[in-house]
1. Listing 221, 134 from the residue with the fewest other Cβ atoms within 10 Å to the one with the most, what is the order?
2. Would you calculate the separation in nanometres between label points at residue 241 and residue 22, each defined as 7 Å from the Cα along the Cα-to-beta-carbon direction?
3. In degrees, nearest 10, range 0 to 90: what is the angle between the Cα axis of helix 250-260 and the longest Cα principal axis of the chain?
4. Can you give me the angle between helix 131-141 and the longest principal axis of the chain, using Cα atoms only, in degrees from 0 to 90, rounded to the nearest 10?
5. Mind checking the angle between helix 188-205 and the chain's longest principal axis? C-alpha axes, 0 to 90 degrees, to the nearest 10.
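Just so it is clear, none of the values below were taken in a lab; they were calculated from the coordinates. Bear in mind that the values here come from a model prediction, so they are computed numbers and not experimental data. Positions of Cβ are generated from backbone atoms using ideal geometry, with glycine treated the same way; all protein chains shown enter the neighbour counts.
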Ligand SMILES: Nc1ncnc2c1ncn2[C@@H]1O[C@H](COP(=O)(O)OP(=O)(O)OP(=O)(O)O)[C@@H](O)[C@H]1O
Ligand SMILES: [Mg+2]
């Protein structure tokens, strides 16, 4: 793997041991299997997939909130999983989360200034006379007036709350943000404002983003590189144009079809997502795929290169599908 990235995820696996009922035997749930990507400095990797595909599990592994079962995450010179206390502290200053629901992410008992300033206190940074002007400057950088500093989260709109969550994430001047569905709880009219704010902050600060969304249009708008996740496995991966303008995997093509139909929810593929505890032996998408053959039922396709940047996990060479017109239209 090249060393152009700032964030490296290499062959990540995450397995949970789950039990059905009190006396059921433990079974392995493969939430994430063999996922690799890298995020260069100042760029966005967009991870798209339906509910349960493993997006948040990958987010938690990047934040070191839980360990990988195998594989490795590296962020800058930090290798997650082998950090001592000072390494952990440096990691907190390097990568920060912004989550879906800004209301539950913000302490209801703290005012805005307390929420944004809390990480500073924990790290002993910008204390004393420096603190208030610094908090004001971060609030201003996310488009909030300093006068909001004494408000409680319940007194703010959804968009303002998400701006506070972004301000808090920026307080320690991180180099990367993990954005897990950062706009899906917001009104459509507010979504574009927050996405544009995130783009501005990225440009100003050279931030690397892992952007997670179930919405292909959001990923198409934000990301320079895209991965399409299904039941924990990467189905298609490449540059934005590889995946959005030259989609070659039937699952990506189904996502595009549902995005074009304006569906926000189930993809335009027949059937249900299989249980992650009872995965098909061949291709994970085979039970729902309009092109499936006997080979697909028996043989799990490896993620294979189509070009230097573009990979798909499919036995077929289907013609490309271009999503860009619909993706741009739905965000303009
Ligand atoms: N702590 C856990 N214990 C057992 N199974 C888990 C745990 N966390 C996640 N899973 C399972 O792992 C799989 C991936 O879950 P994950 O939350 O990462 O999906 P997601 O893509 O973020 O979904 P959503 O779009 O709904 O947020 C799911 O089958 C989920 O039920
Ligand atoms: Mg999730």
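1. Working: 221 24, 134 17.
Fewest-to-most ranking of 221, 134: 134, 221.
2. In this crude label model, residue 241 to residue 22 measures out at 6.1 nm.
3. For 250-260 against the chain, the angle is about 60 degrees.
4. 40 degrees
5. With rounding to tens, the tilt is 70 degrees.
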